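Scroll down for the structure; my scribbles are underneath it.
Read-outs: derived from the displayed coordinates by stated rules, not from any lab. Fair warning: this is a prediction, and the values are worked out from it, not measured in the lab. No Cβ is skipped: glycine too gets one built from the backbone with ideal geometry, and neighbour counts run over all protein chains shown.
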Amino acid sequence: HVLHRQFAHALPVAVGGRGVEIFDSEGRSYLDASGGAAVSCLGHAHPDVLAAMHAQIDRLAYAHTSFFTTEVAESLANHLIERAPAGLSHAFFVSGGSEAIEAALKMARQYYVEIGQPQRSVFVSRRQSYHGNTLGALAVGGNAWRRAQFAPLLIDVTHVSPCYPYRDLREGETPEAYGRRLAAELDAAIVAAGPDRVIAFVAETVGGATAGVLTPVPGYFRAVREVCDRHGILLVLDEVMCGMGRTGTLHACEQEGVVPDLVTIAKGLGGGFQPIGAVLAQRRIVEAMSSGSGFFQHGHTYLGHPVACAASLAVQRVIERDGLLARVRSSGAALEAMLRARLGSHPHVGDIRGRGLFWGVELVRDRASKAPFDPAGQLHARVKREAMARGLMTYPMGGTIDGRRGDHIVLAPPFIAGNEHLGEIVERLAPAIDAAIASL
Ligand code: PLP
């Protein structure tokens, strides 16, 4: 009676997991090269995380946040804020990425209501982005296919271009000039919408699932920050997928030299051991609410769930204790080298891009023209099937270019993966791609 995401084929039954592997009921093992959807940063069954969860369950499994705070939620907030970019002062704990985005959108709107600018009602975000599947998150998201059938239900959002140098960098244009061109486009979109009507620009610091790991060009986010400041609008960075160490720094924006007004985090925050997400907010936004209404007009039953906070705190402490950010950087360099060696001159690999342990491989029919495969062939689904048949979990997606055309594969292995695992990932992925293409 489970209503699965897809009705077409039966799924294997996952019965166990350890380290970088998941096991199914038929005894097959799968090397988790994508952490599900860039979630399982510590792999599966990490003993320190399980112990912290057991201890919290024995103490207190649940307390509603309108009645109590808990030590574990306070400790997690302290841990996160002590390591957060400058000025971020509070953490609002929810149960996942979409909830984090919804909370960020409402917090941004309430901030302007509190400071006497209630006319602000417009969000600006990017095409080929993903911010979640609830209606607010879907509206700011720029995944045309996901939005299409729900479009009549979505709030009005202005979308601008993604930062996608592989396809959009012009001949003779430097990456820096491209970044400035994109910032000018954002500026024009804000002016067209009416700068005093815009609430925020919302963007993934490193684009994730929709276009396959789009890393920003140098200077892009600094220029974006400048545009937002000039118009007095907020910068909301969505680091649900790319944050919490995935790109080699705790927050991806650290590498861009910008500080957001609000940042959303989720997947790697709890590593999948429990559902958890969070919004980290600048002090002035929190103070506007506390000295104004005296509350944030938002909430869910499972805010700050103690077991989720315990799991998350344990995940974050392991990352720090075991020096895993440095490991992400060195393993990321190793994975990049392996991907480029094995797939760099593959006739149907157009681009290999990424940062840390977050990589995208874009597949093309023709390298010279960058023409994609016919979307009717659903190449991405074939790659996923062929990889699973080889005991490899990857995160392929179609619609890379415009929501319809293009195919890519996202790799996001656990931070604990050794070079032998990374090598195995690439060795299984390459024949999976070949088999998928051969089957078209
Ligand atoms: N934002 C980004 C950047 C994501 O990648 C995702 C999920 O993939 C979300 C938001 C939504 O998170 P969730 O699926 O936990 O609701």
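Looking at the chain, the DSSP beta bridges with both ends there are about 65 percent antiparallel.
Under the combined filter of DSSP loop state and at most 15 neighbouring Cβ atoms within 10 Å, the stretch 1-96 retains these chymotrypsin sites (Phe, Trp or Tyr not before Pro): 7, 62, 67, 68. Of the residues 161, 131, 53, the one whose Cα sits farthest toward the positive end of the charge dipole of the stretch 39-164, with +1 on the Cβ of Lys and Arg and -1 on the Cβ of Asp and Glu, is 161. Each Lys and Arg Cβ is given +1 and each Asp and Glu Cβ -1; about its Cα centre, the chain then shows a dipole of about 580 debye. The residues packed around residue 117, meaning those with a beta-carbon under 13 Å from its beta-carbon, carry a net charge of +1 if Lys and Arg are +1 and Asp and Glu are -1. Only Cα pairs under 8 Å and 6+ residues apart enter the sum, and on that basis the relative contact order of the chain stands at 22 percent. Of 438, 205, 345, which is farthest on the positive side of the dipole of the chain, counting Cα position, with +1 on Lys and Arg Cβ, -1 on Asp and Glu Cβ, and the Cα centre as origin? The residue sitting most towards the positive pole is 438. Convex hull volume per residue, computed on the Cα atoms of the stretch 381-440, equals 79 Å³.
Spacing of the modelled spin labels on residue 329 and residue 376, each 7 Å from Cα toward Cβ, amounts to 4.9 nm. Please say if the stretch 49-117 is rounded, prolate or oblate, where rounded means a/c under 1.5 for a ≥ b ≥ c the square roots of the C-alpha gyration tensor eigenvalues, and otherwise the choice is prolate for a/b larger than b/c and oblate otherwise? Verdict is prolate for the stretch 49-117. Which aspartates and glutamates, if any, have their Cα less than 15 Å from the Cα of residue 106, not counting same-chain residues under 8 positions apart? In chain and number order, the partners are 114, 156, 238, 261.
Projected onto its three principal axes, the C-alpha set of the stretch 129-176 covers 42, 16, 16 Å, listed from the longest axis down. Think of each Lys and Arg Cβ as +1 and each Asp and Glu Cβ as -1; about the Cα centre, that makes the dipole of the stretch 127-222 roughly 180 debye. Under 20 Å from a label point set 7 Å out along the Cα-to-Cβ vector of residue 284, the amide N atoms of the stretch 96-118 belong to 104-118. Note on residue 434 and residue 79: the extension gain reaches 123.3 nm, defined as 0.36 nm multiplied by sequence separation minus the Cα-Cα distance. Screening the chain for whole DSSP H helices with an alpha carbon extent of at least 24 angstrom along the helix axis and a mean Kyte-Doolittle hydropathy of at least -0.5 yields 97-114, 175-193, 324-343, 419-438.
In a fully extended conformation the segment linking residue 134 and residue 50 would gain 27.3 nm over its present Cα-Cα distance, using 0.36 nm per residue. Spacing of the modelled spin labels on residue 113 and residue 58, each 7 Å from Cα toward Cβ, amounts to 4.5 nm.
Which of rounded, prolate, oblate describes the stretch 1-148, given a ≥ b ≥ c as roots of the alpha-carbon gyration tensor eigenvalues and a/c under 1.5 marking rounded, otherwise prolate only if a/b is larger than b/c? Because a/c hits 1.5 or more and a/b fails to exceed b/c, the stretch 1-148 counts as oblate.
The sum of -39500 (n - 2.57) across all DSSP H runs of n ≥ 4, divided by the residue count of the chain, sets its helix-only mean residue ellipticity at 222 nm to -12000 deg cm²/dmol. Each peptide in 430-436, 188-194, 379-385 gets a packing score, the mean of other Cβ atoms within 10 Å over its residues, and the list from highest to lowest is 379-385, 430-436, 188-194. Here the alpha carbons of the stretch 76-177 define both size measures, Rg and Dmax, at 16.8, 48 Å. Comparing 297, 316, 117 in a Gaussian network model of the chain, where Cα atoms under 10 Å apart are tied by springs, the biggest mean-square fluctuation is seen for 297. Beta bridges assigned by DSSP with both partners in the stretch 151-263 are antiparallel in approximately 10 percent of cases. Among the chymotrypsin sites (Phe, Trp or Tyr not before Pro) in the stretch 264-327, those located in a DSSP loop and surrounded by at most 14 other Cβ atoms within 10 Å of their own Cβ are 295. With a cut-off of 12 Å between beta carbons, the residues surrounding residue 358 carry a summed charge of +2, where Lys and Arg count +1 and Asp and Glu -1. With the alpha-carbon atoms of the chain aligned to their principal axes, the span from lowest to highest coordinate is 62, 58, 43 Å, starting with the largest.
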